Every structure is written in structure tokens, then in C-alpha cells.
2 protein chains.
Amino acid sequence: MSPRAAGGQARGRARTGRRAGGSGTREAILDSARQQFSESGYSGATIRAIAAGAGVDPALVHHFYGNKEHLFAAAMQLPFIPSETIKAALADGVRPPAVSAGEHIVRSALATWESPAVGHAFPGLLRSAMTSEQAAAMLREFITEAILAPLASVADEAGAGDAAFRASLVGSQMLGLAITRYVLQFGPVASASHEQLSAAIGPTVDRYLTGYLRPRS
Amino acid sequence: MSPRAAGGQARGRARTGRRAGGSGTREAILDSARQQFSESGYSGATIRAIAAGAGVDPALVHHFYGNKEHLFAAAMQLPFIPSETIKAALADGVRPPAVSAGEHIVRSALATWESPAVGHAFPGLLRSAMTSEQAAAMLREFITEAILAPLASVADEAGAGDAAFRASLVGSQMLGLAITRYVLQFGPVASASHEQLSAAIGPTVDRYLTGYLRPRS
């Protein structure tokens, strides 16, 4: 998006003969990432292949973007890092005593989705995720690794069993909440306060994560 | 979509000078309906205006399509009539004694969405509903009248209060289920049996419809 910065850094260029530093390099990495994620999916794309596509050293990709989730977020212009939001919401000590884990997850999600940095982009992001089978396939793997896995570990730690099923039930309700509120905007769910929504939906998330679910037959 | 049928019937033409009968007339009505729904929304569009746009008598539109919901379903190629599916699921006597209303709603929805007549079209339908603000606006009104209203009347009849909020909570979970299972296809929710899903999600629907929700502050 941004043009190569005038006078961009050239650190490392002498050593490898490859591009390094500067916003042009970052853009080349993000272009390569979008192509690799699109061709190979989120799980199949590797930092190594993305670096090769951009003509840079894999270490530079790690240096700029840390890990694959952060690189994906940058390439897709995701305005937040889902696994970090979830882990922060579930961290010890952040939750007021009277608030259940489910309520806190709903509150944290709403606060993130409606934060100044995210709010204007989120409806478009949800829409674009729905538009093609290719986008859906890429997102499916990303959701599984970055969103469902941390949720499943909550169920696992509570010894609730069937953790993957439980995590995807939570995902279905949270996705439905987001689309109802920001894309289709139907009914009072679109306008209810965070307090109302977390009180109503939080117990659902608690039950899905750690409550009683009839055993699979 | 289909061209005016060659040699289509001309019944009524002599009397009113307007088109009547024949598949060309039906197509003209559906074209006019799509235009009116798109311009005026689901609530704002009237059978009278749709008939005028097609150059036919309103009585003919009623004769062909019954009511506005059926006309909308035909114009948008909806493969089922939502309010009728919901009312049938909630009718007295159709639910096995051990199955809660919520479980029965989930089972009925899954059976409808995956029926031979609907299954191949449903993912595309969900996708197209997400693609534009105009489509979302039209769908919002349709969901409110055809889906949330019959759900709200269940909450109302049970004296649960806050019926519109309750109905939209159910809508959010059912929409999330549909998109998780048919569009994004993430996690075990995408592959779980109807039995598993109704056992897991049914109690959520029951609680949203008639269970305890903390009063709005």
C-alpha cells in the first residue's frame, strides 16, 4: 500500500544481495504473503516460502513480523491479533470476580471489535471473508489455529472433554453475534449494550466451553 | 430470468389490456419485485407497486404468489419459506415429548437447510446476503418480519418478556451455526450430526427464548 520510502534503509543488502529493510521490502513480503496464503492456505504457507517469494531472508520476515499469525494479520490488514485478544481475555487476574469467563470473552470481543482502531474496518472484513470459497478456505485454517485452539485449551484445562467441538460452538455463537450486530444488523442484538449482550450470551459461552453437553452418541 | 414464453397465454389481456398468465407475466412480476424490494426494502415494497411495475393487476400477483413473503422467496429464489418452517417446527403436537422447543428448532433448521431442495443453494444464499449493504438492508427487514417475529411470539406466549431481544439472540446463534457449518466450515460444528448439534445448541435456544436472562439495567 505505502510506496517505498524515499531513502529507505539498506541494511543487509550488501551481505545477501537481497532486499532488506525499508517499506518496499515490507510491501514485497506482504505481497508474497498474500499470494502464498491464497495459494497454499494458512496452514500450508510457510515463512520460508513467503521469504523466498519476496527475495529476502526468512530471518528478516521473522524480524519484521514475529510469527505467521502476525504476518497474516498484517497481510490481510486484520486490525487485531485474535489469539492475543483471546489469551488476554482469559489471562489470570484480568477478570472481575463476579464476571464469568464467558461473559468476559463476550465483553472483550465487543470491546475489540468496536475499538477505534478496529470498528471501521470490521464489517468489511466480515463481508470479505464470506465472498469466495478461496477466502473461506484460508479463513477456516486461520480461525482453527488462531481462535479455536486457544478456546479449546480453556475447555481442555477445565477437563471438559470434546474441546474442539466446544471451541467451534463458541466460534459459531461469536461469529453469529458479529454478523448480526455489524453486517446484517437485525433486531435488538444490533443495538444492545455490551452489558446486556455479555449477560445474555456469556452463559452460552460458559456452557459451550466447560458446562454440561450431552455426550455424543 | 427466462425469456417471455413464445405464444404465452393471453388470458385477461382483452379485459384489462395488461399482461396476465403465462411465464412471461410471472417473470415480469418477479423482475418488478426484485426492483421494488431493492429500491424500497422488504417492508417498503408493496404488492400494488410491484404489480404496477409489471403492468398487471395486484390481484394477479396475489393469485400467483399469495403474500409478500412468498413473492420475496420466489423473486430471491429462496428455497424455503422461513416463517412457515418456523411455525411448523413450533406447532402443537409435532415435537417428540423428550425434545425441547430449542432442540426441535435446531433439528428442523438443519433438516431444512440440508434438504435436497435447499442444500445446494443455501451456502450461496448466505454468501450473497453478506456481500453488499443493499442486500443486508433488504435481508434485515425480511429476517425481522419472517424469522424474528414468529420466534418473538413464542417468547411472548411464554410470558418471557423482552421478546424482540430474545428472538434476535436466537437469530444470532442460528445464523452463526449456518455460516460456521456451510460457509466457513470450521471445526467439528461443520461435520457434527444433527443430533449432536441439537443437543448442544438446543438448550441455548431454549434459554434465549424463554429462560432466565438477567434484566436489562
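Quick one: which residue in A:A14, A:A20 is at pLDDT below 85, more than 21 Å from A:A146 (Cβ to Cβ) and in a helix (DSSP H, G or I)?
Of the residues listed, the single one that is at pLDDT below 85, more than 21 Å from A:A146 (Cβ to Cβ) and in a helix (DSSP H, G or I) is A:A14.
Which of (1) crowded, with 24+ Cβ neighbours inside 10 Å; (2) without any contact (Cβ under 8 Å) to a residue 60 or more places away in the chain does A:L151 not meet, given it meets every other one?
(2)
Filtering region A:53-74 down to residues that are surrounded by 15 or more Cβ atoms within 10 Å (Cβ to Cβ) and among the small types (G, A, S), which residue is nearest to B:L184 (Cα to Cα)?
A:A73
Taking the residues in region B:47-92 that are at pLDDT 95 or above and assigned to a loop (DSSP other than H, G, I, E, B) as candidates, determine which candidate is farthest from B:T25 (Cα to Cα).
Ranking the candidates gives B:D57 first.
Provide a single number: the residues in region B:123-142 that are open to solvent by less than 30 Å² (accessible area, probe 1.4 Å) and free of Cβ contacts under 8 Å to residues at least 60 places away in the same chain.
Of the residues in region B:123-142, 5 are open to solvent by less than 30 Å² (accessible area, probe 1.4 Å) and free of Cβ contacts under 8 Å to residues at least 60 places away in the same chain.
Please list, ordered by first then second residue, the pairs with beta carbon atoms under 7 Å, 6 or more apart or interchain, first in region B:156-175 and open to solvent by 20 Å² or more (accessible area, probe 1.4 Å), second of a type in the set (G, A, S) and in a loop (DSSP other than H, G, I, E, B).
Close Cβ pairs (under 7 Å, with a partner that is of a type in the set (G, A, S) and in a loop (DSSP other than H, G, I, E, B)) amount to B:A164/A:G187.
Which residues, counting only those in region B:197-217, are within 7 Å of chain A (Cβ to nearest Cβ) and in contact with a Ser or Thr (Cβ under 6 Å, 6 or more places away or on another chain)?
Selection gives B:T204 alone.
Does B:Q173 satisfy the criteria of being assigned to a helix (DSSP H, G or I), polar (S, T, N, Q) and more than 9 Å from chain A (Cβ to nearest Cβ)?
no
Of everything in region A:111-125 that's over 14 Å from the mean Cα position of the chain (by Cα) and of a type in the set (A, V, I, L, M), which residue is farthest from A:A158 (Cα to Cα)?
A:A117
Report, by residue number, each residue of region A:196-217 that is of a type in the set (D, E, K, R) and modelled with pLDDT under 90.
A:R214, A:R216
Please go through region B:179-196 and pick out each residue that is touching a helix residue (DSSP H, G or I) at 6+ places or on another chain (Cβ under 6 Å) and more than 7 Å from chain A (Cβ to nearest Cβ).
If the condition is that a residue be touching a helix residue (DSSP H, G or I) at 6+ places or on another chain (Cβ under 6 Å) and more than 7 Å from chain A (Cβ to nearest Cβ), then B:R181, B:Y182, B:A190, B:H194 are the ones that fit.
Name the one entry in B:E103, B:E39, B:E84, B:E114 that is of a type in the set (D, E), within 14 Å of chain A (Cβ to nearest Cβ) and either open to solvent by 40 Å² or more (accessible area, probe 1.4 Å) or in contact with a helix residue (DSSP H, G or I) (Cβ under 7 Å, 6 or more places away or on another chain) (or both).
B:E103
Among the residues in region B:194-213, are any buried (at least 22 other Cβ atoms within 10 Å of the Cβ), free of Cβ contacts under 8 Å to residues at least 60 places away in the same chain and under 28 Å from A:G41 (Cβ atoms)?
Yes, region B:194-213 contains a residue that is buried (at least 22 other Cβ atoms within 10 Å of the Cβ), free of Cβ contacts under 8 Å to residues at least 60 places away in the same chain and under 28 Å from A:G41 (Cβ atoms).
Those residues that are under 25 Å from B:T210 (Cβ atoms), at the interface with chain A (Cβ under 8 Å from one of its Cβ atoms) and among the small types (G, A, S), I need them from region B:131-170; list them, please.
B:A164, B:A167, B:S168
Among the residues in region B:112-131, are any modelled with pLDDT of 90 or more, in a helix (DSSP H, G or I) and under 17 Å from B:I86 (Cα atoms)?
Among the residues of region B:112-131, at least one is modelled with pLDDT of 90 or more, in a helix (DSSP H, G or I) and under 17 Å from B:I86 (Cα atoms), which makes the answer yes.
So, B:S128, is that one among the hydroxyl-bearing types (S, T, Y), more than 10 Å from chain A (Cβ to nearest Cβ), farther than 19 Å from A:G187 by Cα and under 15 Å from the mean Cα position of the chain (by Cα) or not?
No: the conditions fail for B:S128.
For region B:28-46, which positions are of a type in the set (S, T, N, Q) and assigned to a helix (DSSP H, G or I)?
Within region B:28-46, B:S32, B:Q35, B:Q36, B:S38, B:S40, B:S43 meet the criteria.
The values are calculated or read from the model by the stated rules, or taken from the named source; none is laboratory data. No experiment lies behind these values; they were computed from the predicted model shown. Note that each Cβ is placed from the backbone with ideal geometry, even for glycine, and that neighbours are counted across all protein chains shown. Protein only, heavy atoms only, side chains kept; ligands, DNA and RNA dropped before computing areas. Shrake-Rupley method; radii C 1.70, N 1.55, O 1.52, S 1.80 Å.
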